[in-house]
Amino acid sequence: MNSYRKLRDKQQKEMNAFPIGAAFSDKQFTEMMSGWGLTVDDTDKICSLGAGCFIRRADKDAFLEMAKRHTKEMQDAIAADKTGDGFIYDMFIYELANHEYCITYDLTDTLDALNLTAEQINADKRLLHGLNKAVKAYLKNSDNY
């Protein structure tokens, strides 16, 4: 299995298990708050994550710790790939397919998803090698994605 996808799936499973609420209407907000044992007036007991998502204020430190750990896990996996042929290749091939590079031929969404810039790619021979190898393989096999 793709090592990048394996890490992302593990992190997504952890994120899905975290008590995050989402509300895009007054009714949904009321239901979310009620599910946490709060009233709609208890807004001092929640934090907005943006885009209609919320966590309980009591969970803020745990959420931030999880987010930092996820970032570190990703950074460590990238750092551990000394050639660009392993995790780095896997992350690029996954995100190229995820953002339909074979249709757009635009790396913007792929790099945004990985929180990378073209300058960072060009400054790191492992990243550049992994990206070039992934683009070539992806385009050659794009019917399989």
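Among the DSSP helices (H) of the chain, those spanning at least 15 angstrom by Cα along their long axis with an average Kyte-Doolittle hydropathy of 0.0 or more are 87-98; this is a geometric and hydropathy rule only. When the chain is treated as a GNM with alpha-carbon contacts under 10 Å, the residue of ALA58, ALA113, ALA79 showing the greatest mean-square fluctuation is ALA58. D by Stokes-Einstein for the chain, Kirkwood Rh over Cα pairs, 20 °C, 1.002 mPa s: 123 µm²/s. Give the lysines reachable from LYS13 as a straight Cα distance under 24 Å; neighbours fewer than 8 places away on the same chain don't count. Filter leaves LYS60, LYS68, LYS72. Over the chain, Cα pairs under 8 Å with separation of 6+ residues give a relative contact order of 23 percent.
Measuring nothing but alpha carbons in region 56-106 and taking Rh as the Kirkwood radius, the Rg to Rh ratio lands at 1.18. Expressed as a whole percent, the accessible surface of the chain that belongs to carbon and sulfur atoms is 52, based on a 1.4 Å probe. Positive end of the charge dipole of region 40-125 (Lys, Arg +1 and Asp, Glu -1 on Cβ, about the Cα centre): tell me which of THR110, ALA97, ILE78 has its Cα farthest that way. The Cα lying farthest towards the positive end belongs to ILE78. A simple count of charges around ILE103, restricted to other residues whose Cβ falls under 13 Å of its Cβ and scoring Lys, Arg +1 and Asp, Glu -1, yields -4. Under 28 Å Cα to Cα from LYS140, which lysines show up? Leave out anything in the same chain fewer than 8 places away. Of all the lysines, those that pass the test against LYS140 - Cα under 28 Å, at least 8 places apart if same chain - are LYS6, LYS82, LYS125.
Defining a contact as two alpha carbons under 8 Å apart and six or more residues distant in sequence, what relative contact order in percent does region 96-145 show? Intermediate values should be presented prior to the final figure.
Values: 21 pairs, mean separation 22.3, N = 50.
The normalised contact order for region 96-145 reaches 45 percent.
The values are calculated or read from the model by the stated rules, or taken from the named source; none is laboratory data. What you see is a predicted model; the values in this text were computed from it and never measured. Neighbour counts run over all protein chains shown; Cβ positions are idealised from the backbone, glycine included. For accessibility, only protein heavy atoms count, side chains too; no ligands or nucleic acids. Shrake-Rupley method; radii C 1.70, N 1.55, O 1.52, S 1.80 Å.
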